[in-house]
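Data block below; observations after.
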Amino acid sequence: MAAGSAVIFLSEPWLAAVVAAANVHPDLPVALRGLGHDLAAVVEAEPPVLRRAVAVYGRQEGGRIAGARVLADPDEIWELEPAYVVRAPFRVWKALLSGGDAIQAALSGRVKVQGDLEGLIRRAGYRYIVDAALGSVETEFAEEGASP
Amino acid sequence: MRRGLAGILLEQGARAVGRAAGAVMSDPRGQEAMARAVGLAQRSLRLFESAQEHALHAAGLAARPDYNELRKQVARIKRKARELSDRLEVVPTQSAGAARSDGDGSR
């Protein structure tokens with residue numbers, strides 16, 4: 001994304017930009033092969049920074065992310081029953097997006113993962129795809145008290 | 001104060017474990033070993049939960065999957081209510097538009 005066109009974290013344009021960046025990565029089909037079909041990521045409320053939880057949902061098809069959206073209500077996850085659910089508070093996501101150690105965050109319990117961890121750990125080496133996609137999008141974090 | 005010390009110790013412990021895990025994960029064999037260990041632990045937990053569910057059902061009590069099913073139904077009802085609410089917001093707008101076209105003398 002061009003410099004100076006920052007997008008707000010967890011907004012639809014931000015999600016679309018991250019997905020588009022990930023989908024052009026040549027290693028993505030290999031990384032996704034054998035994984036579950038869908039994933040939800042929940043940014044847990046952390047007042048006053050984030051007053052209510054926000055969840056995004058994405059599904060893969062044919063080696064690419066075929067669809068992603070910000071859920072109107074995080075409870076939709078119960079209905080969607082995605083293969084993986086990753087939950088963490090706002091500040092933890094912000095730290096991870098800024099290059100924080102995901103393994104340490106997961107082991108310390110700050111990031112909670114539901115789903116087949118075995119498959120995810122086997123693909124931990126592909127984290128550079130996520131890092132590259134996130135790094136290519138200039139992310140602006142909402143100020144205190146604001147909602148995305 | 002004690003809680004603060006416990007917190008510091010926990011954080012340092014987590015960092016140490018994180019460093020060790022990072023070292024293991026940087027090696028493909030270590031990564032594979034960790035994946036297998038975690039997979040085994042998850043499967044064992046699922047077996048335990050399944051046994052617990054059977055025991056609770058045998059005693060006439062609800063187990064976690066029953067609560068999950070309820071949450072799923074609540075989520076479905078919430079979504080339907082949201083969709084209905086969205087439709088109701090559209091209908092007055094359309095009615096107002098129709099009323100304007102009726103009253104503009106175009107008939």
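Values in this text are rule-based calculations from the coordinates and carry no lab data. What you see is a predicted model; the values in this text were computed from it and never measured. Ideal geometry is used to build each Cβ from the backbone, glycine not excepted, and the neighbour counts take in all protein chains shown.
Structure above, values below:
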read-out: Interchain or long-range residues, amide H under 5 Å from A:ALA66's placed H; value: A:ARG59, A:GLN60, A:GLU61
read-out: Computed FRET value (nearest 0.05) for A:SER136 with B:ALA55, which takes r as the C-beta separation and R₀ as 51 Å; value: 0.50
read-out: Lysines whose Cα lies under 28 Å from that of A:LYS94, excluding same-chain neighbours fewer than 8 positions away; value: A:LYS112
read-out: Under-5 Å amide H pairs with A:ALA53, H placed in peptide plane, nonlocal only; value: A:ALA45
read-out: Sequence-separation-based contact order of region A:1-104, relative, with Cα cut under 8 Å and 6+ spacing, percent; value: 27 percent
read-out: Solvent-free Debye scattering, log10 I(q)/I(0), computed from the Cα coordinates of chain A at q = 0.11, 0.17 Å⁻¹; value: -0.39, -1.03
read-out: Label zone at B:ALA37, where the point sits 7 Å out along the Cα-to-Cβ direction: region A:78-100 residues whose backbone N lies under 13 Å; value: none
read-out: Inter-site label distance for A:GLU61 and A:VAL49 at 7 Å from Cα along Cβ, in nm; value: 3.5 nm
